[in-house]
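The values are calculated or read from the model by the stated rules, or taken from the named source; none is laboratory data. Treat the numbers as computed from the prediction; the structure is a model and nothing was measured. Every residue, glycine as well, gets a Cβ built from its backbone with ideal geometry; the counts of neighbours run over all protein chains shown. SASA here: full protein model, heavy atoms, side chains in, ligands and nucleic acids out. Shrake-Rupley method; radii C 1.70, N 1.55, O 1.52, S 1.80 Å.
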Amino acid sequence: MEKIRDYFQGKYSKRSFIRLYLPLAVSLYALFIILARLLFPYIEDYPYSWTTSMISRLGWPHVNTIGWIFFSLAYLSLGIFYLALISYMYERFSSLHKFAAKLIALSMLMSSIGMIMVGAIPNYPPNIFGLFHMLSAMLSMFGLYGTALFSAIIMIKESSLFSKNLLLFFVIVMAYIFICAVMMSFGNPSTEERYYVHDPSTPLLLSRPLWEWQIMVASICLISILCFIVPETIEKNKET
């Protein structure tokens, strides 16, 4: 119990974090998503493809009758991992700027709660469950991007304390996610967006799932890069 408490309080070394916790969290998410996809039944008139099917389709209990459980486990495991990141990141960034560190912690808490809710609330056909799923997904993504944005502001301001190459890569991935979000907003909507069905007559670039999948993968990469950038300890900046 003490080790579990220490984990959620961010009391672990960067070495153990990037060699154990981070690979484990990403691997579990990928494994569960792959299992959810493998268990998804073949539907002749609308087969599952990451280019034309939203990620959430893997979590439809009325269609993916067994696989939806693994979809839920994927987001629960990732949400719990992000929950443990809150104290870890706050402790390191607070020595540079306490208010910004609180914004990072709040954003990461939003992202974690959103992902846990995506995993915990079954995504049944359009009703209150579908509404909660949509709101949870939005909370998760806004929280994650807020975490990245506030972190980037601090790191750019105190660039001498961080790896410039990794910081540049971090900003590039942030920009890419923003571009994907813009492209997704131009995507061809359906009558019920929570249950998107791609229109084959439209260009693939207007497929919302194509961009949603890229946003999810890039977001995981973004948090992973942040974990590598942040050093074990950060000396206090006397000017802040």
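Relative to the longest principal axis of the Cα atoms of the chain, helix 208-229 runs at roughly 20 degrees.
With bins 5 Å wide beginning at 0, the percent of Cα pairs of the stretch 38-134 falling in each bin runs 3, 13, 18, 18, 15, 10, 9, 7, 5, 2, 1, 0.
Size descriptors for the stretch 118-159, from the alpha-carbon set: Rg then Dmax equal 15.4, 48 Å. Of the solvent-accessible surface of the chain, computed with a 1.4 Å probe over protein heavy atoms with every protein chain present, carbon and sulfur atoms account for 71 percent.
When the chain is treated as a Gaussian network with alpha carbon springs shorter than 10 Å, the biggest mean-square fluctuation among A100, A175, A84 belongs to A175. For the chain, relative contact order (Cα pairs under 8 Å, six or more residues apart, normalised by length) works out to 23 percent.
Rank E91, E212, E44 by accessible area, highest first, at a 1.4 Å probe radius? Numbers along the way, then the final one.
Working: E91 110, E212 40, E44 150 Å².
Of E91, E212, E44, the descending order of accessible area is E44, E91, E212.
Magnitude of the charge dipole for the stretch 1-122, about its Cα centre and with charges confined to Cβ atoms of Lys, Arg (+1) and Asp, Glu (-1), is about 640 debye. In the elastic network of the chain, a GNM with C-alpha springs shorter than 10 Å, the most mobile of P23, P200, P61 is P200. Relative to the longest principal axis of the Cα atoms of the chain, the long axis of helix 128-157 makes an angle of roughly 30 degrees. Please work out the FRET efficiency for the pair I43 and L205, using the Cβ-Cβ distance as r and a Förster radius of 41 Å; give the result to the nearest 0.05. Rounded to the nearest 0.05, the efficiency is 0.95. You can think of it this way: the chain between A30 and I179 has 51.3 nm of extra reach, that is 0.36 nm per residue less the Cα-Cα gap.
Angle of helix 98-120 to the longest C-alpha principal axis of the chain, folded into 0 to 90 degrees and rounded to 10: 30°.
Working note: Karplus 6.51/-1.76/1.60 with θ = phi - 60° gives the stretch 49-62 the couplings 8, 5, 7, 10, 10, 4, 4, 4, 4, 5, x, 7, x, 6 Hz, where Gly and Pro are set to x.
Less than 12 Å Cβ to Cβ from I104, Lys/Arg counted +1 and Asp/Glu -1: what total charge do the surrounding residues give? Provide the component values of the computation, followed by the final result.
Numbers: positive: R92, K98, K102; negative: E91.
Overall, the nearby charge balance is +2.
Remark: the A120-N165 segment gains 12.4 nm on full extension, using 0.36 nm per residue and subtracting the alpha carbon distance.
At the residue level, F178 shows approximately 120 square angstrom of accessible surface with a 1.4 angstrom probe and all protein chains present.
Put T51, T233, T147 in order of accessible area, largest first, 1.4 Å probe: what do you get?
Details: T51 30, T233 110, T147 0 Å².
Greatest to least solvent exposure: T233, T51, T147.
Rounded to two decimals, what is Rg over Rh for the stretch 116-217 when you use alpha-carbon atoms and the Kirkwood radius? Kindly include the intermediate steps, with their values, before the conclusion.
Working: Rg = 16.8 Å, Rh = 15.7 Å.
Rg/Rh for the stretch 116-217 comes to 1.07.
Quarter the surface of the alpha carbon convex hull of the chain and you get the mean projected area, 13.8 square nanometres. The charge dipole of the stretch 63-193, taken about the Cα centre with unit charges on the Cβ atoms of Lys, Arg (+1) and Asp, Glu (-1), comes to about 440 debye, rounded to the nearest 20. Accessible area ranking (1.4 Å probe, heavy atoms, ligands and nucleic acids excluded), largest first, for R15, R37, R57: R15, R37, R57.
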